[in-house]
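Notes for the one structure printed next.
We did not get these values from a lab; they are worked out from the coordinates using the rules stated. Note that the coordinates shown come from a computational prediction; the quantities given were computed from them, not determined experimentally. Counting neighbours? That spans all protein chains shown, and the Cβs are built from the backbone with ideal geometry, glycine included.
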Amino acid sequence: MSTPQRPMARGRGSQLDPPNRFGGTRPVADLEQVEHDEEYLRELERPQTEFLIDTSRSIVSENTSPDVGFRYSLNPYRGCEHGCAYCYARPYHEYLGLNAGLDFETKIFVKERAPELFRDWLGQDAWAPEPIAFSGVTDCYQMAEQRFGLTRGCLEVARESRQPITIVTKNALVTRDLDILKEMATRRIIHVAISVTTLDETLARRMEPRTSPPSARLRAIRQLSQAGVPLRVMVAPVIPGLNDHEIPAILQAAREAGARFASYVLLRLPLAVRPVFLEWLRRVEPSRSERVESLIRTTRKGNLNSSEFGVRMRGSGLLAEQIHRLFTVSRRRHGFSTGRPELITTQFRPPKPTTGQRRLF
């Protein structure tokens, strides 16, 4: 008699509960006892998202990696409902005693005091203003933002203090805050990057199950750019053998929608991301999985990941160089600007403190 298998979790990118690399207790489903409980099994097919309070006392993190284009970042949420199988942020959930698979997508930590903590951060005497990135780890416009509005609250603080902000998202919800972004754009203190991984709506729905489809992201680019907000399209991640051939079409569509800048990142599979992505690839793209995995290895010296600075975002080898050339030629052909927009820091003024008492000097 075969052991009952766990039902597929519909609408989720991962089907795994991989072990936490730091050890600890790992729950194992015992479905033999409930194999005839149809109601319970239906619940397993539709795992609900849990929102947990994050009591962090600081909201801004400092980054020292030379491969990342920012020093400081702000993340209102930990975990991400988008459920992208390739998400490099999945291993961060292991620090919370959870797993990088379904836990990452269904147990979302909410920093309820994010705007207040951000206000306190910007009010420090020692703060020398420079751009702060929203979504350095998980997407600040994921579905939870519709409910909690923490990203908007933090943007309101940034607008008040004229603090330069960069945003990275793949969710069209960013257009909800067009009123704030437009005002910040007039002061040259905002830059938005929207990730477009594929133009194939079916592939996007399978690979990024709970975020905006490609057509909605292109509409968001158009709306923001028409409002004067500097827009970057990010082809991220580029997955060899799966979406690398789409680079020219993505850049053309994004440029026609109004994006002025463009960049890309090669797929990264660190730590617990690796089993989650490979399970997804073999389940969703069985006919292409072996070839895709092989091509990924050719860009990582036979491995599935590289953590070496200067290489981890672009890869190495002939195929990685071909991808880079394809992107560079396509970017030039469609008239994208190089570099990034310069954000102004000289307008900064400390926000009103949470105590309500303003500075004397």
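Under 5 Å between amide hydrogens, which residues at least 5 positions from L52 or on another chain qualify, with H placed 1.01 Å from N in the peptide plane?
Residues meeting the amide H criterion: I108, F109, V110.
With 10 angstrom as the radius, rank L251, L150 by how many other C-beta atoms surround their C-beta, starting from the fewest.
Values: L251 26, L150 23.
Ranking L251, L150 by Cβ neighbours within 10 Å, fewest first, gives L150, L251.
For labels at S215 and A128 in the simple 7 Å Cα→Cβ model, what's the distance in nm?
5.0 nm
Nearest 500 deg cm²/dmol is fine: what mean residue ellipticity at 222 nm does the chain get from its DSSP H runs of n ≥ 4 alone, each adding -39,500 (n - 2.57), divided by its residue count?
Value at 222 nm, helices only, nearest 500: -9500 deg cm²/dmol.
Would you list, by chain and number, the lysines whose Cα falls below 25 Å from the Cα of K170, excluding same-chain residues fewer than 8 positions away?
Within the straight-line limit of under 25 Å, K170 reaches these lysines: K107, K111, K182.
For region 139-270, what number results from the quotient of the Cα radius of gyration and 2.2 N^0.38 Å?
Against the compact-globule rule of thumb, the ratio is 1.04.
What are the ³J(HN,Hα) couplings of region 217-229, residue after residue, when phi is run through the Karplus curve with 6.51, -1.76, 1.60 and θ = phi - 60°? Round to Hz, x for glycine and proline.
Running phi through 6.51 cos²θ - 1.76 cosθ + 1.60 with θ = phi - 60° gives 5, 5, 5, 5, 4, 5, 5, 5, 5, 5, 8, x, 7 Hz.
Top mean-square fluctuation among V292, V276, V137, Gaussian network model of the chain, C-alpha springs under 10 Å?
Of the options given, V292 has the highest mean-square fluctuation.
Taking the alpha carbon gyration tensor of region 48-104, what are the square roots of 5 times its eigenvalues, largest first, to the nearest whole Å?
Semi-axes (√(5λ), whole Å): 21, 16, 10.
Give me the distance in nm between label points sitting 7 Å out from Cα along the Cα-to-Cβ direction at R349 and H334, one decimal.
So the two model labels end up 4.0 nm from each other.
Over region 51-333, what per residue volume does the convex hull of the Cα atoms give, in whole Å³?
Convex hull of Cα atoms, per residue: 122 Å³.
Which order do F70, F309 fall in if you start with the one that has the fewest other Cβ atoms within 10 Å?
F309, F70
Rank the residues V60, V329 as a footprinting-exposure proxy: fewest other Cβ atoms within 10 Å of their Cβ go first.
Ordered from fewest to most neighbouring Cβ atoms within 10 Å, V60, V329 come out as V329, V60.
Given the Cα-Cα distance of M8 and R325 and 0.36 nm per residue of separation, how much length would full extension add, in nm?
Stretched out fully, the M8 to R325 stretch lengthens by 110.2 nm.
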